[in-house]
Every structure is written in structure tokens, then in C-alpha cells.
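The values are calculated or read from the model by the stated rules, or taken from the named source; none is laboratory data. Please read all numbers here as calculations on a predicted model, not as lab measurements. Ideal geometry is used to build each Cβ from the backbone, glycine not excepted, and the neighbour counts take in all protein chains shown. Heavy atoms of the whole protein, side chains included, go into the accessibility calculation; ligands, DNA and RNA do not. Shrake-Rupley method; radii C 1.70, N 1.55, O 1.52, S 1.80 Å.
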Amino acid sequence: MKRKRRLAPTGSVRDELTQLGRGARKSLGQHFLASAETAQRIVALAALRGDERVVEIGPGLGALTSILAATARELWLIELDADFAARLREIYARNPNVHVVEADVLRVDFGELLGTGAPAVVVANLPYNVATAILARLIEQQGCFARFIVMVQREVAERLYAKAGTPAYSALSVLTQVEARVEPGLRLGPGAFVPPPKVESEVIIVTPYDSPPVPIDDLAEFKRLVRTVFTQRRKQLGNSLGQICDDPHRVLAQAGVDPQRRPETLDLAEFARLSAAQRLDAG
Ligand code: SAM
């Protein structure tokens with residue numbers, strides 16, 4: 001049941017900001033999509049059928065919003081900037097399927113907001129300064145979301161989907177990939193935004209798993225181990241593991257991991273084995 005797409009008329013970003021009597025707020029990571037065509041390409045990555053519940057974080061001037069409002073069954077807009085929230089409330093006052101929530105997304109309880117029902121799809125051009133915190137918080141709210149189509153700084157995107165043994169592979173890669181599948185989407189240069197950011201951007205598609213893709217008994221302990229060894233990325237595990245266990249060599253032997261290896265070379269399954277061996281060793 002696809003509804004006809006109607007794009008709200010969008011003036012230039014600068015005109016719209018002038019109408020509001022203000023500029024972009026750097027502290028809120030405000031870089032607005034410059035063209036409706038780019039917004040269409042981003043929403044296309046969400047492959048919406050028309051019957052989904054959708055959450056947009058940081059709708060701002062609404063470049064993605066007008067497309068989403070015409071496609072989603074129900075749309076929640078979470079915006080921290082009071083001017084934009086007020087403007088969106090006005091624009092969508094007559095659309096009962098669009099809900100404007102003026103709030104810091106990091107404080108929203110989505111279980112409460114969305115209630116029961118099918119998991120929602122998140123589509124967002126995230127504020128880059130808090131993008132990883134937002135993503136981690138959303139993934140954590142298990143059962144609320146089916147997938148995320150989010151724009152982040154390209155360097156962060158590359159860390160999120162990096163594989164073991166590549167330069168971008170980090171604690172963030174492991175901690176994210178153990179909870180969700182991360183796929184590259186669309187790359188955009190600074191010129192796609194007003195004002196242009198100093199960095200390149202990338203849309204990624206993140207799909208949370210129902211359960212981790214490798215066997216993990218205690219996720220909190222697993223995360224602690226990963227964070228600890230990556231704080232000393234260049235150190236061999238035989239040395240860095242000593243921070244969290246009495247006999248690193250015994251634990252590594254139990255896990256079948258060479259003590260001379262560095263954390264950046266271990267894949268998810270090896271980290272899972274290491275975590276299990278550490279728990280066993282701690283008794
Ligand atoms: N969606 C718009 C677009 O693509 O043109 C604007 C994207 S802009 C990169 C980020 C948006 O997130 C801004 O509208 C900003 O006000 C909003 N924002 C920043 N921090 C936020 C937070 N903690 N919670 C909710 N919205 C936030």
C-alpha cells in the first residue's frame with residue numbers, strides 16, 4: 001500500500017534558515033542536505049514498503065522528512081533544536097501519522113515511545129559529534145528497531161564495518177559487529193551539505209542481530225575484554241591481557257590464540273573464545 005510521494009517544497013537551506021532568523025548550530029552538528037535528490041537516494045537505501053513505522057533522528061529542516069512522511073505508515077521525528085521542532089510541528093500539524101518529539105535522542109526511551117508493534121526503521125543524517133553514542137544507544141534498545149539507515153562521518157563508517165586485520169579495525173568495530181551487521185551504503189562529499197562539513201560522509205545500513213553471531217555467554221565481560229586489549233592496540237595479547245586476568249598465557253592457550261598476536265588481528269569468533277576462556281579461568 002504505497003502512498004503517492006509528495007515532496008514538500010524546499011527552498012534553499014540558507015533561505016529556510018533565514019526565514020527562521022538564524023544560522024546552523026555547530027554544537028548540534030547541523031549540516032543540512034543540500035538537495036532533494038540526495039535525500040531520495042538515502043531514503044531509497046531504506047527500501048521502505050510503505051507499511052513500516054519509521055523514526056527519523058535530527059530531521060532539521062526536513063529534507064528526509066518530507067519523503068519519509070509520504071512513505072511511512074507512522075513517523076516519529078526526534079529533534080533537539082526547538083526552532084526546528086516547532087517548524088516541523090507546524091508543517092505536519094494535519095498529519096496524524098507524524099509525531100514530533102522535541103528531545104535529546106540519547107534520553108529517549110524508545111520502548112515507551114513506540115510501544116508494542118513491529119520494530120521501527122531508523123533513517124537519519126546523524127549529528128556527527130554524537131553519532132557513535134547515538135548508534136550504540138539505539139542498538140542497545142533491543143526489539144525496538146529492525147534496521148538503521150544512518151549517515152555518519154566516513155571514517156566512523158569505515159571503523160564500524162572494518163574486518164579484522166585492516167587498519168580501521170578497532171574496539172568500535174568488534175563491539176558493534178557483535179550486535180549488528182553493518183554494511184556500507186552511499187558515500188557523499190562535503191558539497192552535499194550546507195554548511196559543508198570538514199569531513200567525508202557515508203550512509204551505512206545497520207541491522208541488529210537477535211543474538212550475537214558468535215557464542216558469547218556474558219556480553220558485558222566480552223565488551224570489557226575487547227575495550228581493555230584495544231587500549232593497547234600495539235601490544236601483544238600475552239602482555240595486554242594481564243590487566244584483566246592472572247595468567248594471560250594460560251587463557252590464550254585455552255582459547256587457541258597465539259600470545260604474540262595483537263588485538264587488531266583477532267576476528268569476532270576469536271574474541272568470543274578468548275572471553276569464554278577468561279571467564280573459565282576466573283572460575
Ligand atoms: N536531517 C537533516 C538533514 O539531513 O538535512 C539535518 C541533519 S543534521 C546533520 C543533524 C540534526 O540532528 C540537526 O537537526 C540537529 O539539530 C539534530 N540533533 C543534534 N543533536 C541531537 C540530539 N542529541 N537529539 C536529537 N536531535 C539532535
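Charges were assigned to the Cβ only: +1 to each Lys and Arg, -1 to each Asp and Glu. The resulting dipole of the chain about its Cα centre is roughly 700 debye. Across Lys163, Lys235, the residue with the most accessible area heads the list, and the full order at a 1.4 Å probe is Lys163, Lys235. The phi torsions of the stretch 55-63, fed into the Karplus equation with coefficients 6.51, -1.76 and 1.60 and a -60° offset, translate into couplings of 10, 10, 9, x, x, x, 7, x, 4 Hz, rounded to whole numbers, with Gly and Pro shown as x. With Cα atoms defining each centre, the stretch 217-283 and the stretch 51-130 are spaced 40 Å apart in the structure.
When the Cα positions of Ala282, Ile216, Gly165 are compared along the charge dipole of the chain, Gly165 comes out farthest toward the positive end, with charges on each C-beta of Lys, Arg, Asp and Glu.
In sequence order, the stretch 133-150 has phi-based couplings of 5, 5, 4, 4, 5, 5, 4, 4, 7, 4, x, 7, 10, 8, 6, 10, 10, 10 Hz under the Karplus curve 6.51 cos²θ - 1.76 cosθ + 1.60, θ = phi - 60°, and Gly or Pro positions carry x. Taking other residues whose beta carbon is less than 11 angstrom from the beta carbon of Leu88, and scoring Lys, Arg as +1 and Asp, Glu as -1, yields -4. Database remark: amide H of Phe32 closer than 5 angstrom to the amide H of Val194 (H placed geometrically; neighbours at sequence offset of 5 or more, or on other chains; Pro and chain starts carry no H). Amide H contacts for Val55 (H built 1.01 Å from N in the peptide plane; partners 5 or more residues away or on another chain; cut-off under 5 Å): Trp76, Val121, Val122, Val123.
Per-residue ellipticity at 222 nm from helix content only, as computed over the chain with -39500 (n - 2.57) for each DSSP H run of at least four residues, stands at -10000 deg cm²/dmol.
Listed values for the stretch 114-128 are Karplus-derived 3J(HN,Hα) couplings in whole Hz (6.51 cos²θ - 1.76 cosθ + 1.60, θ = phi - 60°), namely 8, x, 7, x, 4, x, 8, 9, 9, 10, 7, 9, 6, x, 4, and x replaces Gly and Pro. Which of these, Ser211, Ser27, Ser240, has the largest mean-square fluctuation under a Gaussian network model of the chain (Cα springs below 10 Å)? Most flexible of the set in this elastic network: Ser27.
In a DSSP loop and with at most 16 other Cβ atoms within 10 Å, the GluC sites (Glu not before Pro) in the stretch 182-283 are Glu200. Among Gln40, Gln19, Gln153, the largest mean-square fluctuation in a Gaussian network model of the chain (Cα springs under 10 Å) belongs to Gln19. A cut-off under 13 angstrom between Cβ atoms defines the neighbours of Ser211, and their net charge, with Lys, Arg +1 and Asp, Glu -1, is -2. Under 5 Å from the amide H of Ala180 lie the amide H atoms of Tyr209, each residue being 5 or more positions distant or on a separate chain, with H modelled from the backbone and absent for Pro and chain starts.
Students often forget the sequence filter, so: which aspartates and glutamates lie under 14 Å Cα-Cα from Lys235 once same-chain residues fewer than 8 apart are removed? Correct list for Lys235: Asp258, Glu264. Accessible surface comparison of Arg25, Arg261, probe 1.4 Å, protein chains only, largest first: the order is Arg25, Arg261.
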